[in-house]
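Notes to accompany the following structure.
The values are calculated or read from the model by the stated rules, or taken from the named source; none is laboratory data. Keep in mind it's a predicted model, so treat the numbers as computed, not measured. No Cβ is skipped: glycine too gets one built from the backbone with ideal geometry, and neighbour counts run over all protein chains shown. Ligands, DNA and RNA are excluded from the accessible area calculation, which covers all protein heavy atoms including side chains. Shrake-Rupley method; radii C 1.70, N 1.55, O 1.52, S 1.80 Å.
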Amino acid sequence: MKLPIYMDNQATTPVDPRVLDIMLPWFTEKFGNPASSSHSFGWEADTAVKKARQQVADLIGADAKEIVFTSGATESNNIAIQGIARFHQERGNHIITLVSEHKAVLDTCRHLESEGFDVTYLPVQSNGLVDMQQLADAITDKTVLISIMAANNEIGVIQPLAEIGALCRERKIYFHTDAAQAVGKLPIDVNAMKIDLLSISGHKFYGPKGVGALYVRRRPRVRLKAIMFGGGHERGIRSGTLPTPLLVGLGAAAELAGQEMDSDNKRIFALRERMRLGIMEQLTHLELNGDLEQRLAGNLNISFSYVEGESLMMAIKDVAVSSGSACTSASLEPSYVLRSLGVNEEMAHTSIRFGLGRFSTEEEVDFVIKTIVKAVNNLREMSPLWEMAQEGINIDEIEWEAH
Amino acid sequence: MAYNDKVLDHYENPRNVGSFDKGDSNVGTGMVGAPACGDVMKLQIKVGDDGVINDAKFKTFGCGSAIASSSLVTEWIKGKSLDEALEIKNSEIAEELALPPVKIHCSVLAEDAIKQAISDYKKKQ
Amino acid sequence: MIYLDHNATSPVRLEVIDGLIPYFRDFSGNPSSVHGAGRGARKGLDEARRSVAKLVDVHASQVIFTSGGTEANNMALMGVASQFDFKGHIVTSSIEHPSVLQMCDLLESRGVAVTKIAVDSNGVVDLKALSAALTPETFLVSIMHANNETGVVQPVAEIAKICRSAKVLFHSDTVQSVAKLPLTLAGTGADMISISAHKFGGPKGVGALVVDNHLNLPGMLLGGGQERGRRAGTENIPGIVGFGIAADLVAAEQGELAGKLLALRNQLESKLSKALSELIVFGDKVERLPNTTAFAVSGLDGETLVMHMDMAGFAISAGSACGSGRTKASHVLVAMGYEGAVGQSAVRISLGRDSASEEVDLFVRAFVRTVKNLQKMSAPLAI
């Protein structure tokens, strides 16, 4: 077993070596610009781009013409939300999203608010799932867009896409889903789920970074305003030279994901359950964050009471995971996603996200269980909060001085 | 962010972890920070008849820098008089551990913990 | 197949590909992650930022990585315009890349006034027209350094001077000139310049907007706080690392390369003019990129020429490669006054660092042969 162990597959995934092999010739010998219509270097690149477009479309049950390549899911989310809002401004200026969405969605919505749009940020239930009744009640005659993510990046919970899609179609509202965490890991069918726009990220499913896609429905046609201009690439929705190697990689990753999704999921789920049960068996005072059933196979998010997340990450430095603690990020607030579930700040500070993936092994899982149990026990010995809890003091009743 | 070697050393081999009986008259206890903020430091001093801190213990809930800051100050205050211990500034702690700007609050907490422990001890006298 | 279309894109250099592959394999983390895998990626990101900064002689904090030149150009214009609340006036030229011109159209629809100043028959912007176009409402001038189709270089230092005295920001699209001419941000005098990696041996899908220190540009892509809040989205680490390596390579060989390219182009133009007396070389009286030549043989269709040259084994282009398969007269040549037959017959040769003297000779021979054949075929029609 090789150390360190990578268990942060919701942050990014390594490129599958099979994908990389397919990509490499497109950097050097087959380097043409797909927009060069006058020579074979360009045609060859253009053919590769067409194939990639089809591969991505196939993975989500779309038509190749409905795939717009972008630099990643952040850009896709920006285009989808700003694009719909600005194009349909006359019809209505209200957008509904969730408080637990990715920053690319939330920041874009906030920006639109500053331009005069109305945004409803719906709360989620304590399991992280949207309340369908609340969603239906939030719709007004001004609502033009509902943007709800497919699977959450921190807690892995899967939203009821088909139900949301049906509601949106019935109320004639566009449905966008940030599916960065879900594509390649969950079966997605844009028609069955009545999804109008869907954001894809290459590096979340063993493809390269710097590339993604936006699915834009053609029937019934979804119209939007572009945010990137010049050259008229991608049906005018997204300009800029198409990065052939990255697109070839995205396509190859999509095809592999389609072929291996079932077997990957079965294996990854078994590993995740082995890890969850292994940790739960040996430690007390744990909280699982997010719904256990409606959840990505590879995601586990646990709060280890009385142990601060960043110090725990330091203690298990041979294992790459991430924490909902403020200290690991530029912001000073602990994870807003966990807070949205009603997890208190203290417990948010003690959370660790484990992201298992295609290349995780049983040996690694067993090593992680052993390492984390030892580290939590050590840090609890060092924790004044654990000591107080052992003495029967309820730390919630103490008046702490905030700083 | 990569950690400085001194932080790593204190984190991996923390000095003086533990607790004294806080009811003892020669023990002073300082507890600073808040769980919601992600840091709680408990620092205890044991003071001899000569007014010198002859032992110190800590327990900390917090990041590596918080643990290292508390571990470091338990070493520094041992053998110091109360007045000398009160002179320790957070900037010295931050400098010794080469804390980055986002971690300066850990050194502030450690300084506060010393002050609170000494004031608790003085109240008992 | 001989590739003479380096202004469209260039092959990734071997040193670049060797250097970026480890970032697909061993250092494949997300640079926002604090663990070792993330820090490995972060280190690559930081080093590349320093390399790109060094190439154009700025501080690393002035480099904002983007998905390419188009995004960099878009971001410069959109960012400044939004700072001015979409009120005021932008001056640009009629020969800019579509990523500047179309962004100007959008800004116009959102309330910004736009003036497109003309160029002379050599393709150089008229400085007097620029000065005359500036109004008290003007907040930005965007004029490219070198044109992608003709290679004609604009007097950016003069333009910068005019902008500075009018207290107007100046953005220059330097996508084509970086690496082909020695160039620094201060040297151009601009407040912002745009760079694209794939134009000089780096990978596609990565570029940068380099900004002056005093500018506090708002982001165009939102959410995630990357690039100090100026450009959200997980960084394309292998691409950015490749960009950095290409920048280092170029910085080391810049002057030498320009000399070599210029010699090759002189060879090409002089041999072609000798063989084809009717040849018109666009912008040949003014400074051009050393690698670029655009010319026309009146009466022949540029697209047809290019197709025949492709069959003969040479990749060249008719006008620019942007967009998808449109064949309309180049807006650049139209702006220079070549609206009719001459403009329609234009082709562009853009040399690269691997181009060789023998390739140029082979091209000249094949091109002249093709022209003569085509002229023979169309001769009856011409009469």
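Accessible area lost on pairing C with A, both sides, 1.4 Å probe, Å² to nearest 100?
Numbers: alone 16080 and 17940 Å², together 29490 Å².
In total, chains C and A hide about 4500 Å² from solvent.
Using a 1.4 Å probe on the protein heavy atoms, what percent of the accessible area of the protein assembly as shown belongs to carbon and sulfur? Of all accessible area on the protein assembly as shown, carbon and sulfur atoms account for 51 percent.
Once you average over the residues of A:381-393, how many Cβ atoms of partner chains fall within 10 Å of each Cβ? Please list the in-between numbers first.
Values: counts 3, 11, 8, 15, 6, 2, 5, 5, 0, 0, 0, 0, 0.
Averaged over the peptide's residues, the number is 4.
How far, in nm, would the chain grow between A:Ser263 and A:Thr28 when pulled straight, counting 0.36 nm per residue and subtracting the alpha carbon separation?
81.2 nm
Please work out the average accessible area per residue across chain C, using the 1.4 Å probe convention, and give it in Å².
Details: 13740 Å² over 383 residues.
Value returned for chain C: 36 Å² of accessible area per residue.
Mind pulling the angle between the C-alpha long axis of helix A:161-170 and the longest principal axis of chain A? Nearest 10 degrees, somewhere in 0 to 90. The answer is roughly 50 degrees.
Counting alpha carbon pairs within less than 8 Å and at least 6 residues apart, what relative contact order, in whole percent, applies to chain C? If you can, show how the numbers build up before the last one.
Details: 748 pairs, mean separation 85.0, N = 383.
In percent, rounded to a whole number, it is 22.
What separates the Cα centres of the range A:1-43 and the range A:188-247 is a distance of 18 Å.
Chains A and B: how much accessible area gets covered up at their contact, both sides added, probe 1.4 Å, in Å² to the nearest hundred? Can you show the working numbers first?
Details: alone 17940 and 6310 Å², together 21790 Å².
Separately minus together, A and B give about 2500 Å² buried.
Evaluate peptide A:69-76: per residue, the Cβ atoms of other protein chains within 10 Å of its Cβ; return the mean as an integer. Write out the running numbers ahead of the final one.
Working: counts 1, 3, 12, 9, 4, 9, 9, 1.
Mean partner-chain Cβ count within 10 Å for A:69-76: 6.
The value of relative contact order for the range B:40-119, using C-alpha pairs under 8 Å at least six residues apart, is 32 percent. Scaled against 2.2 N^0.38 Å for its residue count N, the alpha carbon radius of gyration of the range B:53-115 is 1.02. Our coupling estimate for the range A:50-55, obtained by passing each phi through the Karplus curve with A = 6.51, B = -1.76, C = 1.60 and θ = phi - 60°, is 4, 5, 4, 4, 5, 4 Hz, Gly and Pro reported as x. Taking C:Met307, C:Met75, C:Met192 as the candidate residues, the one with maximal mean-square fluctuation in a Gaussian network model of chain C, Cα springs under 10 Å, is C:Met307. On a straight-distance basis, which aspartates and glutamates could pair with B:Lys46 in a cross-link, Cα separation under 16 angstrom, same-chain partners fewer than 8 positions away excluded? Within the straight-line limit of under 16 Å, B:Lys46 reaches these aspartates and glutamates: B:Asp21, B:Asp24, B:Asp55, B:Glu75, B:Asp83, B:Glu84, B:Asp120. A dipole drawn for the protein assembly as shown from +1 and -1 charges on Cβ atoms has a positive end, and of A:Asn394, C:Gly352, C:Gly224 the residue lying farthest that way is C:Gly352.
Note on chain A: GNM, Cα springs under 10 Å; of A:Gly251, A:Gly202, A:Gly342, the largest mean-square fluctuation is that of A:Gly342. For the range C:265-314 and the range C:1-55, what is the separation of their Cα centres, given in Å? What the calculation gives is 35 Å, centre to centre. Can you tell which of C:Ser94, C:Ser121, C:Ser172 shows the greatest fluctuation in a Gaussian network model of chain C with Cα springs below 10 Å? Checking each option, the largest mean-square fluctuation is seen for C:Ser121.
With both residues required to sit in the range C:14-249, DSSP beta bridges show an antiparallel share near 40%. Contact with the other protein chains removes 40 Å² or more of accessible area, compared with the isolated chain and a 1.4 Å probe, from these residues of the range A:216-239: A:Ile227, A:Met228, A:Phe229, A:Gly230, A:Gly231. Cross-link partners of C:Lys161 among lysines, defined as those whose alpha carbon lies under 21 angstrom from its own and excluding same-chain residues fewer than eight positions apart: C:Lys116, C:Lys128. When Lys and Arg each count +1 and Asp and Glu each count -1, what net charge do the other residues less than 9 Å away from A:Arg274, Cβ to Cβ, add up to? Taking every other residue near A:Arg274 into account, the sum is -1.
Once the piece of chain linking A:Glu287 and A:Asp189 is laid out straight, how much longer is it, given 0.36 nm per residue of separation minus the C-alpha distance between them?
Values: separation 98, 0.36 × 98 = 35.28 nm, distance 3.32 nm.
Result: 32.0 nm gained on full extension.
Taken per residue, the accessible surface of the range B:27-124 reaches 34 Å², heavy atoms only and a 1.4 Å probe.
Figure legend: label point modelled 7 angstrom from the Cα of A:Arg18 along Cα→Cβ; residues of the range A:226-267 with amide N under 16 Å from it are A:249-267.
Every Cα-Cα pair in the range A:290-389 was counted, and those over 16 Å apart are 58% of them.
Would you tell me the mean number of C-beta atoms belonging to other protein chains that fall within 10 Å of each C-beta in C:306-318, as a whole number? Intermediate values should be presented prior to the final figure.
Numbers: counts 4, 3, 0, 2, 6, 2, 0, 2, 1, 7, 3, 6, 2.
So the per-residue partner count for this stretch is 3.
Once the convex hull of all Cα atoms in the range C:14-249 is built, its volume per residue stands at 107 Å³. Among the helices of chain C, those built from whole DSSP H runs whose Cα atoms reach 15 Å or more along their own axis and whose mean Kyte-Doolittle hydropathy is at least -0.5 are C:69-83, C:98-109, C:237-275, C:357-382. Cross-link partners of A:Lys65 among lysines, defined as those whose alpha carbon lies under 27 angstrom from its own and excluding same-chain residues fewer than eight positions apart: A:Lys30, A:Lys50, A:Lys51, A:Lys172, A:Lys185, A:Lys194, A:Lys204, A:Lys209, A:Lys225, C:Lys204, C:Lys328. With 20 Å bins beginning at zero, the pair-distance distribution over Cα atoms of the protein assembly as shown amounts to 14, 40, 31, 12, 2, 0 %. Surface analysis of chain A yields an accessible area of 36 Å² per residue, using protein heavy atoms and a 1.4 Å probe. Put simply, the convex hull of the Cα atoms in chain A casts, on average, a shadow of 21.3 nm². Give me the angle, in degrees from 0 to 90, between the Cα long axis of helix A:73-87 and the longest principal axis of the Cα atoms of chain A, rounded to the nearest 10. Between helix and principal axis, roughly 60 degrees.
Please state the relative contact order of chain A as a whole percent: Cα pairs under 8 Å, 6+ residues apart? Could the numbers behind the result be given before it?
Values: 791 pairs, mean separation 85.2, N = 403.
About 21 percent, as a whole number.
With each label modelled as a point 7 angstrom along the Cα→C-beta vector, the C:Ala186-A:Ala138 pair spans 5.2 nm.
Among the trypsin sites (Lys or Arg not before Pro) found in the range C:90-187, those both in a DSSP coil and sparsely packed, with 16 or fewer other Cβ atoms within 10 Å of their Cβ, are C:Arg110, C:Lys167.
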